[in-house]
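Input: a single structure, listed below in structure tokens.
The values are calculated or read from the model by the stated rules, or taken from the named source; none is laboratory data. Quick caveat: nothing in here was measured; it's all calculated off a predicted structure. Backbone-built Cβ (ideal geometry, glycine too); neighbour counts: all protein chains shown.
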Amino acid sequence: MKRVIFEIVGGFKSLLTGMWITLQQFFKKDVTVRYPHESLKMTKRFRGHVVLVRDPETGKSLCVACKSCEKACPSDCIVVEGIKREGEKKKSVTEFELDFTRCSLCGSCVEVCPSDALEFSKDYNLASTSKDAFVKIDLVRDMEKSKAPGAALTEVEPGRPLGETPGSTAGGTPAATDRVPGPGKPVGEEGKV
């Protein structure tokens, strides 16, 4: 009989403790982020996909197509091609494709680059309903489409998977139906979801 009373008292005490914790949390400020309408600030050490770095003076890529990144990549997900143009001292990159489905974000390519032409982007909201949007990301084309010589190369149209241009198709479906809303955009503002 004593044992039953101790169990009832112990259970009631546990109930009151739980209710007290719940009551304390009820009056605290919310910590929930209303994603996709709000997004968290990424830390400086966040590693997104790799992007080409633009020369602030010329507006062109710093990449000299030495293929060091291609050789250092353990996932074998980088393809680099370049040519030496007339009047230039170094080679210029003409093709820099990244297979993001295979990339392990190890950073070997960024570390080994002799001209500091690669860095990690801060893009974390890469979404698509098709794997094809991430198989061949053309970093040269994305750099050329960025706004101005001083613009960040990591800016991507919200909701558009990296490497996909507006109006293009990914996996045979129209790009407008392949999108997922980006941060700060309510569903329905960018097209069908």
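Would you confirm whether any residue within the stretch 32-49 is more than 30 Å from F120 (Cβ to Cβ) and either among the small types (G, A, S) or touching a Leu at 6+ places or on another chain (Cβ under 7 Å) (or both)? No - not one qualifying residue is present in the stretch 32-49.
Among the criteria (1) farther than 15 Å from I137 by Cβ; (2) in contact with a strand residue (DSSP E or B) (Cβ under 6 Å, 6 or more places away or on another chain), the one K41 does not fulfil is (2). Does S92 satisfy the condition of being more than 22 Å from K136 (Cβ to Cβ) and surrounded by 15 or more Cβ atoms within 10 Å (Cβ to Cβ)? Spelling it out, it is not the case that S92 is more than 22 Å from K136 (Cβ to Cβ) and surrounded by 15 or more Cβ atoms within 10 Å (Cβ to Cβ).
Taken over the stretch 68-92, the criterion of being closer than 20 Å to L105 by Cβ and either small (G, A, S) or assigned to a loop (DSSP other than H, G, I, E, B) (or both) is satisfied by S68, A72, C73, P74, S75, D76, C77.
Which one of L126, L52 is under 19 Å from the mean Cα position of the chain (by Cα), aliphatic (A, V, I, L, M), under 18 Å from K145 (Cβ atoms) and at pLDDT 90 or above? Lay out the reasoning, then the answer.
Details: L126 fails: at pLDDT 90 or above.
Answer to the selection: L52.
For the stretch 58-84, filtered to residues that are in contact (Cβ under 8 Å) with a residue 60 or more places away in the chain and surrounded by fewer than 20 Cβ atoms within 10 Å (Cβ to Cβ), the residue that is farthest from F134 (Cα to Cα) is T58. Residues that are surrounded by 11 or more Cβ atoms within 10 Å (Cβ to Cβ) and part of a loop (DSSP other than H, G, I, E, B): does the stretch 16-32 have at least one? The answer is no; no qualifying residue exists.
So which residues in the stretch 76-92 are modelled with pLDDT under 90 and in contact with a strand residue (DSSP E or B) (Cβ under 7 Å, 6 or more places away or on another chain), if there are any at all? Once the filter is applied, which keeps residues that are modelled with pLDDT under 90 and in contact with a strand residue (DSSP E or B) (Cβ under 7 Å, 6 or more places away or on another chain), the stretch 76-92 yields R85, K91, S92.
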